[in-house]
Each structure stands twice: as structure tokens, then as C-alpha cells.
Amino acid sequence: RKNLRKDNVKLHLAINARRNVIVEYKITGVRRNDSPQLSFLLRNLKEVLRVIGDSGYLSRRNCELVVEKNGKPFFKLKSNTTGKSKGSRAWKKMVRFATQFKEIFDRIYHIRSQIESVNAALKKRYGSYVRAIKRKARNIQIALRVLAFNIKQILYDRTARNLGVPYWIKCGQ
């Protein structure tokens, strides 16, 4: 059967950047906005250190949500982003930090490349599409891929600990 545009889905991920383990995921339709999905991704986490996301997750509500979890928001600013708080101190602090300390903000925001690498690893290892036609079966296939990816990462971590080698090794450039 021919794939229709309405058959495509988005996979939203919350990742532990230290271990590259997927902490939470959500599958939505292609036309759904990213911003409202953050509350779902963080719902089971009591605390976060930093939440880093692209401009799709940029909103005052998301900044407040991250601060409620004792974290600091780092969302990519859009070209028309203003520092007007409109009642959100977290928003104002994030925008001020991003504009005054651009290099530091960019260095922290660069951690988002790990999220993209997890997306790329999922697609490379398990394919960029699923064969199921029905939505429920498609979501189950995606969930199984996330589970398999996490098992692989945990096995890598356990093996590194057993061998006494660090999980992350800096490579020379």
C-alpha cells in the first residue's frame, strides 16, 4: 500500500545525556506542535539539571515547567524572540543568559547534538520507517525499537563498568 502523509509520525525523546538512554518518549502526528509535548516527556521526572530543546519547544510555559523541576531551560531562540517575561521569570532569565553569554549558552545547547545522534542511531540500526499499516501496530514497533535501543545502551554501560573503562572516551582531533 502507498504511504500517505497522514501515516507519518513524530517521535519526541527525553534523553539522559550522560548515558544516552531514552528516559521518556512520545509518538505524535506530524502536524502536532512540539511545545506541548514537553510536559508529557518530563512528567515522571522529579528533578532535571538542564532541559535542552530546539526552537519547537520554546515557550514560556515550558521554561516554567523546567524551573518547577529545579532545572535550567536551554531552548534555541527564534529570530523574533523577545525578553518580555509576560509573567515568566524563567523565560526572562533564559533569554537574558542566551543573549549576554551567547558562547556559553551555545556550548551548553550543543549537548542537543546527542539527541540528534540518538535519533540517527535509532534510524540507522532499526530503519527510518515501520512496516505496520495500523496506527497501534506502528506505535508498538516504535516502542519496541526504543526499548531495544535502551537495552543496548545499558549493556554497553555495564560492559564498560566491568572492564573498568570510562563510558565516554575523548577522541583526538
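The values are calculated or read from the model by the stated rules, or taken from the named source; none is laboratory data. Note that the structure is predicted; figures quoted are calculated from it, not measured. Using ideal geometry, Cβ is built from the backbone for each residue, glycine included, and neighbour counts are taken over all protein chains shown. For accessibility, only protein heavy atoms count, side chains too; no ligands or nucleic acids. Shrake-Rupley method; radii C 1.70, N 1.55, O 1.52, S 1.80 Å.
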List pairs: first in region 137-151 and without any contact (Cβ under 8 Å) to a residue 60 or more places away in the chain, second open to solvent by 50 Å² or more (accessible area, probe 1.4 Å) and not charged (D, E, K, R), Cβ under 6 Å, 6+ apart or cross-chain? R145/Y126
Of all residues in region 128-170, count the ones that are open to solvent by less than 40 Å² (accessible area, probe 1.4 Å), part of a loop (DSSP other than H, G, I, E, B) and closer than 22 Å to A14 by Cβ. 1
Of the residues in region 87-101, those that are touching a helix residue (DSSP H, G or I) at 6+ places or on another chain (Cβ under 6 Å) and assigned to a loop (DSSP other than H, G, I, E, B) come to S88
Breaking point among (1) of a type in the set (K, R); (2) within 25 Å of K152 (Cα to Cα); (3) open to solvent by 50 Å² or more (accessible area, probe 1.4 Å), for R89: (2)
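Touching a Ser or Thr at 6+ places or on another chain (Cβ under 9 Å), part of a loop (DSSP other than H, G, I, E, B) and not β-branched (V, I, T), is that true of K84?
Working: touching a Ser or Thr at 6+ places or on another chain (Cβ under 9 Å): no; part of a loop (DSSP other than H, G, I, E, B): yes; not β-branched (V, I, T): yes.
Answer is no for this residue.
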Given the criterion under 19 Å from the mean Cα position of the chain (by Cα), open to solvent by 60 Å² or more (accessible area, probe 1.4 Å) and closer than 19 Å to N33 by Cβ, identify the matching residue among K46, K76, K124, K72. K76
For a quick check of your reading of the model, give me the residue pairs whose first member lies in region 45-74 and is at positive phi, whose second is outside any helix (DSSP H, G or I) and open to solvent by less than 50 Å² (accessible area, probe 1.4 Å), with beta-carbon atoms closer than 8 Å and at least 6 apart or on different chains. N70/V48
